[in-house]
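The structure appears below as structure tokens.
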Amino acid sequence: KFLLRKNLPKNLLCNLRFGVIGLGDSSYEKFNYVAKRLHKRLLQLGAQAILPLGLGDDQHDLGYDGAADVWEKQLWTELLINYPLPNSIQPLPKDYKTEPRWNVSVNSAIKNSINKNQSIYYSTRRHTDFTAVVVDNERLTSSEHFQDVRLLKLKTDGQEYAPGDLVVLRPKNLNWQIEEFKEVLVSNSVDIQSSAVLNISENNSQIPVPDILKQNITFDQLCEEYFDLMAIPRRHTFNVLAQITDSELEKEKCLEFTSAEGQDDLYTYVNRVKRNIVEVLRDFPHATKNLTQELLLEIIPPIKPREFSIASSYKAHDEIHILLAIVKYKTKLVKERIGLCSNYLAGLQKGDEITAWIKHGSFNFPKNSDFPVIMVGPGTGVAPFRSYIFERYKENNSNPTNLILFYGCRYKSKDFLCRDEFEKLHAEEKLNLICAFSRDQDSKIYVQ
């Protein structure tokens, strides 16, 4: 806030030389906004940039590394030119040993006091979090259709939301994923007891332990709710594996993956085929056998919550509905690739519970409900429009003139989502429904 004051002199930072890199996601409207604003403001106050602004993008094939690697290399070059080291001192090598962020110890004294049926996130719940109960988990697409799309209905505690809002859900690993992971550890003689109660503490006050890991927690709980076992490893993982392997061949390959020259090979091995962390550990047994609890926390990222457009109306349904496409696909690997969250949600049964919270989305509908709206929503993209249509219907303010929906899919009989509802509203003259089915005739028709 201080730097944004308008009365600051333009030469305030004339003795400062700086570099800024932002880590963002270009799918968001304000991509790397903070980094861009900071870089611009420092220049306005007289500071000198020693290198151009770096913009890391999680959408890049190599994630943040795609931009960060080039930026970091240029940074060290500029620093060594402008601030050369004494002749007796050399820069640290790239394979300098990584120290684990946290310490992990086993607490055997409280083995039987852990509530294994309670989520590890229960102790850190915010007042906006709530428990959603599955009411129905219905497949909307035909059984002959390749894509499994579900309408997931969740009973809430009365949480209010508006069209365009999102519901955020926290998935868990599937049982077979956990068993595969444990099998890799056991086959490589990594001795970590599933029921072992772990106490995680910080090594450095600058790298605090996340609140979720400050409690006593079992390895089983980490495997189920914390470790993202479907994560695609990044360069840091191979840097750690290179440090602990006793195989020169493995070390050479890992170091190659961490180098700028080896990024194409890394992309081919990991990103292109979507090889996950468990499969990588299986491919590097001489490194895997030397893994510790600390290093597992170093190389396996936590499961991230997932956001879904709400497909229901608070006024019309008194529930939260989600249109969910189950992610399953093939790559050059023999085993089918799956999405962690979609497949977890697909397995939920009536009465199952899941932690959720509401988030305001960036999709804004007109505040004036008399304003005509044209909506284009192919497939599951129709979710926020279903919410808005039913909101207007419940308010008795919907007609073919002010609600126009262009809907597209492949086949009318196979993947027309919520077909009965939309056709009923159209027949009642509450909605103008215009459809395009790309595979029902010789000439393809699309909604774009």
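The values are calculated or read from the model by the stated rules, or taken from the named source; none is laboratory data. Computed from a prediction, not measured in an experiment: that's the story for all the values here. Neighbour counts run over all protein chains shown; Cβ positions are idealised from the backbone, glycine included.
Assigned to a helix (DSSP H, G or I), in the same structural domain as Gln193 (by TED's automatic domain parsing), under 26 Å from the mean Cα position of the chain (by Cα) and free of Cβ contacts under 8 Å to residues at least 60 places away in the same chain: which single residue out of Val278, Val270 fits that description?
It is Val270.
Among the residues in the range 163-184, are any in contact with a strand residue (DSSP E or B) (Cβ under 6 Å, 6 or more places away or on another chain), aromatic (Phe, Trp, Tyr) and buried (at least 18 other Cβ atoms within 10 Å of the Cβ)?
Looking through the range 163-184, none of the residues is in contact with a strand residue (DSSP E or B) (Cβ under 6 Å, 6 or more places away or on another chain), aromatic (Phe, Trp, Tyr) and buried (at least 18 other Cβ atoms within 10 Å of the Cβ).
Just to verify a result, which residue in the range 20-30, among those that are modelled with pLDDT under 95 and surrounded by 12 or more Cβ atoms within 10 Å (Cβ to Cβ), is nearest to Leu79 (Cα to Cα)?
So the residue we want is Leu23.
Identify all residues within the range 38-70 that are part of a helix (DSSP H, G or I), more than 18 Å from Asp264 (Cα to Cα) and touching a strand residue (DSSP E or B) at 6+ places or on another chain (Cβ under 6 Å); write none if there are none.
Hit for the range 38-70 is Leu42, nothing else.
How about the range 413-448: which of its residues are of a type in the set (D, E, K, R) and under 32 Å from the mean Cα position of the chain (by Cα)?
Here is the first cut: in the range 413-448, the residues of a type in the set (D, E, K, R) are 414-415, 419-421, 423-424, 428-430, 439-440, 442, 444.
Matches in the range 413-448: Lys414, Asp415, Arg419, Glu421.
Does the range 218-256 hold any residues that are farther than 16 Å from Leu295 by Cβ and either touching a helix residue (DSSP H, G or I) at 6+ places or on another chain (Cβ under 8 Å) or of a type in the set (D, E, K, R) (or both), and which are they?
The answer is Asp220, Glu224, Glu225, Met230, Ile232, Ser247, Glu248, Glu252, Lys253, Leu255, Glu256.
Which residue, of Leu8, Leu4, Leu23, Leu13, is within 30 Å of Asp264 (Cβ to Cβ) and not in a helix (DSSP H, G or I)?
Leu23
Filter the range 343-394 down to residues that are under 23 Å from Leu154 (Cβ atoms), outside any helix (DSSP H, G or I) and either modelled with pLDDT under 95 or not aromatic (Phe, Trp, Tyr) (or both), then give me how many there are.
Number satisfying all stated conditions: 18.
Can you pull out the residues in the range 157-191 that are touching a residue at least 24 places away in the same chain (Cβ under 8 Å) and of a type in the set (A, V, I, L, M)?
Residues satisfying the conditions are Ala162, Leu166, Val167, Val168, Leu169, Leu174, Ile178, Val184, Leu185, Val190.
To keep it simple, each residue is scored yes or no on (1) under 18 Å from Thr380 (Cα atoms); (2) of a type in the set (Lys, Arg); (3) out of contact with any strand residue (DSSP E or B) (no Cβ under 7 Å at 6 or more places or on another chain).
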{"residue": "Ser342", "(1), (2), (3)": "yes, no, no"}
{"residue": "Lys350", "(1), (2), (3)": "no, yes, no"}
{"residue": "Ala356", "(1), (2), (3)": "no, no, no"}
{"residue": "His360", "(1), (2), (3)": "no, no, yes"}
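Of all residues in the range 136-148, which are crowded, with 16+ Cβ neighbours inside 10 Å and either in a strand (DSSP E or B) or not acidic (Asp, Glu) (or both)?
Asn137, Leu140, Thr141, His145, Gln147, listed by residue number.
In the range 227-256, what count of residues is obtained for those that are part of a loop (DSSP other than H, G, I, E, B) and either among the acidic types (Asp, Glu) or free of Cβ contacts under 8 Å to residues at least 12 places away in the same chain (or both)? Give the steps one after another, and end with the answer.
The first filter runs over the range 227-256 and keeps only residues part of a loop (DSSP other than H, G, I, E, B), leaving 228-234, 245-247.
The next check asks that each one be either among the acidic types (Asp, Glu) or free of Cβ contacts under 8 Å to residues at least 12 places away in the same chain (or both); those that pass are 228, 246.
Residues that pass the stated criteria total 2.
Quick check on my filter: what residues within the range 402-424 are in contact with a strand residue (DSSP E or B) (Cβ under 7 Å, 6 or more places away or on another chain), hydrophobic (A, V, I, L, M, F, W, C) and within 23 Å of Arg139 (Cβ to Cβ)?
Hits for the range 402-424 are Leu405, Cys409, Phe416, Leu417, Phe422.
Could you check the range 257-267 and list, in sequence order, the residues that are surrounded by fewer than 19 Cβ atoms within 10 Å (Cβ to Cβ) and in contact (Cβ under 8 Å) with a residue 24 or more places away in the chain?
Ser259, Ala260, Tyr267
Scan (1) under 25 Å from the mean Cα position of the chain (by Cα); (2) of a type in the set (Lys, Arg); (3) closer than 30 Å to Gln221 by Cβ for the single condition Lys30 breaks and write down its number.
All conditions are met except number (3).
Looking at Glu391, Glu423, Glu395, can you tell me which residue is farther than 19 Å from Ala162 by Cβ and not hydroxyl-bearing (Ser, Thr, Tyr)? I'd like the intermediate steps shown before the answer.
Working: Glu391 fails: farther than 19 Å from Ala162 by Cβ; Glu395 fails: farther than 19 Å from Ala162 by Cβ.
Selected residue: Glu423, the only one of Glu391, Glu423, Glu395 that is farther than 19 Å from Ala162 by Cβ and not hydroxyl-bearing (Ser, Thr, Tyr).
Give the residues of the range 192-209 that are part of a loop (DSSP other than H, G, I, E, B) and touching a residue at least 24 places away in the same chain (Cβ under 8 Å), sorted by residue number.
Listed by number, the residues that qualify are Ile192, Gln193, Ser194, Ser195, Ala196, Asn203, Asn204, Ile207, Val209.
Only one of Val184, Val134 is within 27 Å of Ile326 (Cα to Cα) and within 23 Å of the chain's Cα centre (by Cα). Can you tell me which?
On the way: Val184 fails: within 23 Å of the chain's Cα centre (by Cα).
Residue meeting the stated conditions: Val134.
Please count how many residues of the range 399-448 are surrounded by fewer than 17 Cβ atoms within 10 Å (Cβ to Cβ) and part of a loop (DSSP other than H, G, I, E, B).
Total meeting the criteria: 18.
Do the conditions hold for Ala242, that is, is it out of contact with any Asp or Glu (no Cβ under 7 Å at 6 or more places or on another chain) and either assigned by TED's automatic domain parsing to the domain that holds Glu294 or charged (D, E, K, R) (or both)?
The answer is no for Ala242.
Can you name the residue in the range 140-152 that is under 22 Å from the mean Cα position of the chain (by Cα) and among the charged types (D, E, K, R) and, of all such residues, is farthest from Lys330 (Cα to Cα)?
Keep residues of the range 140-152 that are under 22 Å from the mean Cα position of the chain (by Cα), which gives 147-152.
Now drop any that are not among the charged types (D, E, K, R), which leaves 148, 150.
Details: Asp148: 15, Arg150: 21 Å.
Per the criteria, the residue is Arg150.
For the range 329-341, indicate whether the set of residues that are in the same structural domain as Gln147 (by TED's automatic domain parsing), outside any strand (DSSP E or B) and closer than 30 Å to Ile434 by Cβ is non-empty.
There is no residue in the range 329-341 that is in the same structural domain as Gln147 (by TED's automatic domain parsing), outside any strand (DSSP E or B) and closer than 30 Å to Ile434 by Cβ.
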